[in-house]
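The values are calculated or read from the model by the stated rules, or taken from the named source; none is laboratory data. Bear in mind that the values here come from a model prediction, so they are computed numbers and not experimental data. Cβ placement follows ideal geometry from the backbone for every residue including glycine, while neighbour counts extend to all protein chains displayed. Note: accessible area is taken over every heavy atom of the protein model, side chains too, but ligands, DNA and RNA are not part of it. Shrake-Rupley method; radii C 1.70, N 1.55, O 1.52, S 1.80 Å.
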Amino acid sequence: MANLLVLLYYSRHLDKPIYGTYQNFWIQLSFLYPLACFGIHAIITTYSVSTILKLAKGIKKTQYLLYTLWLVALSALFAWLQMSLGIGFLLPFIFMLTFSVGIIFESFLIVARNFKILSSVNIIYAITYLYIHKYVLDHGFSFYSLFIYLFALNLTRILIYTVAIGVNIKKHKDEGHEEFRTVPEIRKLWIHLGFYDVLQTLSNWIDKFMVSILLTSSLSAIYFNGTQNIPFLPLILNAAGSSVLMQMNKVKEADERASLLQLMNRSTRFLSNIVFPLFFFLIFFRYELFNILLPGYAASVPIFFIALFMLPFRAYSFITVFQKLHQGHISNIGAMGELILACSLMYPLYLWLGLPGVMLSFIISSYSQGVYYFYHMSRLLNTKAYNLVPVANLTVKIIVYGLLFFITHFVVTSFLGDRIGLFIGIALMAATIIVSMFIDIISAKNVNATQATA
């Protein structure tokens with residue numbers, strides 16, 4: 001949400017070239033930091049705290065040193081890419097370093113269930129992040145002032161996380177719940193997760209990264225605003241996947257597949273209450289949204305429209321099943337295939353449709369990847385593909401939400417202005433999410449009560 005507010009504020013108050021240059025910093029950071037983490041943050045969320053601590057003790061000093069050198073090398077590459085900003089080499093170097101370490105630390109605290117620290121720190125971080133951006137713009141905008149303040153903010157968060165991790169190590173050291181996996185098995189999963197994370201990063205950011213390098217800053221700004229992720233949605237989807245893995249930690253191996261299938265269906269049912277209303281609201285109110293919030297970026301709307309079709313695809317955490325069943329090679333093959341297909345379609349579709357064609361190449365490749373994943377998940381869980389999702393539940397929601405937002409948009413745009421119509425659309429979306437979530441929660445409680453009675 002903080003990123004979205006900055007995007008809206010800076011889009012209005014900075015010229016397109018300067019705004020594009022600012023966003024290029026974050027694009028290149030987002031492209032490189034998963035390479036720096038290389039799946040460490042993902043492998044951490046797979047196991048219990050005691051298992052993670054046991055693994056950390058088994059890592060040799062030379063291996064820690066090699067990883068440090070890897071982190072330093074990528075931070076140096078990022079710093080080199082930012083030389084045109086005029087902020088020197090050291091600032092972007094240490095910025096990348098602290099940002100990557102913060103991602104790893106945060107993953108550990110999530111597994112340790114230290115949610116009070118995580119919530120309070122990130123709320124304060126977001127508020128301070130917003131204040132820094134406004135303060136720098138109001139007092140003579142400069143990239144150096146902005147990023148030196150943001151670096152200090154990153155460093156403060158890491159120091160707090162370090163203290164919290166020290167407390168949690170003592171607290172969870174002897175908790176039990178260790179998974180008895182062999183070192184080669186864990187190493188193989190880590191490599192697969194790291195490779196998959198890199199591939200996902202390439203898939204999510206290579207288009208923005210290439211545009212930031214090959215095209216002008218103004219075109220980069222238009223493309224970035226059109227392909228902007230919904231700020232809170234990736235966090236919710238990742239949290240849902242992590243939640244399934246954490247609940248599976250205490251499930252017996254004999255019940256693993258049945259429990260995983262049940263949890264994935266339940267997760268999808270609840271996530272659809274957020275994803276589908278949001279999808280239909282944005283589809284039908286996209287022009288009103290850009291006219292009110294980003295009036296200088298009408299050229300981003302066609303790109304935004306195509307990018308929205310990624311939302312329904314994101315309502316299902318494919319990687320969770322492969323991660324839990326130690327079948328990381330399947331997710332890697334799918335991710336590699338998606339990336340190759342997207343890159344092969346990118347240039348022809350760009351020549352045909354311009355910048356919207358670049359986004360369309362990734363929509364086509366993502367849905368192709370989904371077919372591949374559903375096939376392998378049904379094989380691993382010994383079930384039909386249609387059992388992997390609550391088909392009836394999702395079908396009803398798609399029909400009801402689609403008609404609801406189509407009719408509402410038609411009525412409000414026929415009789416009311418853009419601003420009032422947009423507010424009505426937002427209110428309808430919020431009400432739909434709340435009501436749908438409430439209905440599914442009641443339904444789930446009734447099912448659990450019936451099962452308990454039986």
Checking Pro295 against (1) closer than 30 Å to Phe209 by Cα; (2) not small (Gly, Ala, Ser); (3) not in a loop (DSSP other than H, G, I, E, B), which single condition isn't satisfied? (3)
If you check every pair at least six apart or on different chains, which have Cβ atoms under 8 Å apart with a residue in the stretch 337-358 that is more than 27 Å from Tyr196 (Cβ to Cβ) first and a residue that is β-branched (Val, Ile, Thr) second? Leu355/Val211; Leu355/Ile222; Leu355/Ile303; Pro356/Ile303; Pro356/Ile306
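For (1) farther than 28 Å from Lys324 by Cβ; (2) within 23 Å of the chain's Cα centre (by Cα), each residue gets a yes or a no:
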site: Met359; (1), (2): yes, yes
site: Leu388; (1), (2): no, yes
site: Val391; (1), (2): no, no
site: Lys397; (1), (2): no, no
site: Tyr401; (1), (2): yes, no
site: Ile407; (1), (2): yes, no
site: Phe410; (1), (2): yes, no
site: Gly417; (1), (2): yes, no
site: Asp440; (1), (2): no, no
Residue count for the stretch 17-54, restricted to those that are at pLDDT 85 or above, over 20 Å from Asn204 (Cβ atoms) and open to solvent by 10 Å² or more (accessible area, probe 1.4 Å): 3
Where in the stretch 13-66 are the helices (runs of 4 or more DSSP H), entirely inside, with at least 1 residues that are within 18 Å of Phe143 (Cβ to Cβ) and β-branched (Val, Ile, Thr)? 16-37
Could you tell me which residue of the stretch 68-121 is modelled with the lowest pLDDT, considering only residues that are of a type in the set (A, V, I, L, M, F, W, C) and not in a helix (DSSP H, G or I)? Ala112
Using the structure shown, decide if Leu380 is open to solvent by less than 70 Å² (accessible area, probe 1.4 Å), under 17 Å from Ala431 (Cα atoms) and out of contact with any helix residue (DSSP H, G or I) (no Cβ under 6 Å at 6 or more places or on another chain). no
Arg379 vs. criteria without any contact (Cβ under 8 Å) to a residue 24 or more places away in the chain and within 28 Å of Leu261 (Cβ to Cβ): yes
Give Leu282, Leu289, Leu345 a once-over and let me know the one that is closer than 22 Å to Phe362 by Cα, open to solvent by 20 Å² or more (accessible area, probe 1.4 Å) and not basic (Lys, Arg). Leu345
